[in-house]
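To start, the structure under review is shown below, and the notes come after it.
The values are calculated or read from the model by the stated rules, or taken from the named source; none is laboratory data. None of the values given here were measured: they were computed from a predicted structure. Accessible surface areas use protein heavy atoms only, side chains included; no ligands, DNA or RNA. Shrake-Rupley method; radii C 1.70, N 1.55, O 1.52, S 1.80 Å.
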Amino acid sequence: MSQWDKLISDIIKINKNLRFEDLAKALKRIGYTQCQPKSGSSHYTFRKIGKKSITIPKQQPMNKVYILLVKDALLEYEKEDKSYD
């Protein structure tokens, strides 16, 4: 199993050991761009044209709700990707 497959599996299973960097990596891989926080905030915003932006705090442990946001984005990406085949 590749590292990417393991990361996707961990996100889908809502692994609470996921870090901010893991979620950021997954979002960037499916086309989101990372925007730096302003004025000392720890919340990063990820944007993709035509999609709702996703804001995730750089914290540990990662709250389940943020993992769910990334999971939903991944599942939507996979669904759209297969529709082009």
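Only one entry in Lys51, Lys6 is open to solvent by 100 Å² or more (accessible area, probe 1.4 Å) and of a type outside the set (S, T, N, Q), namely Lys6. Within segment 2-33, the set of residues being on the phi > 0 side of the Ramachandran plot and of a type in the set (A, V, I, L, M) comprises just one member, Ile14.
On the given criteria, is Lys28 of a type in the set (D, E, K, R), closer than 20 Å to Trp4 by Cα and at pLDDT 95 or above?
Yes, satisfied.
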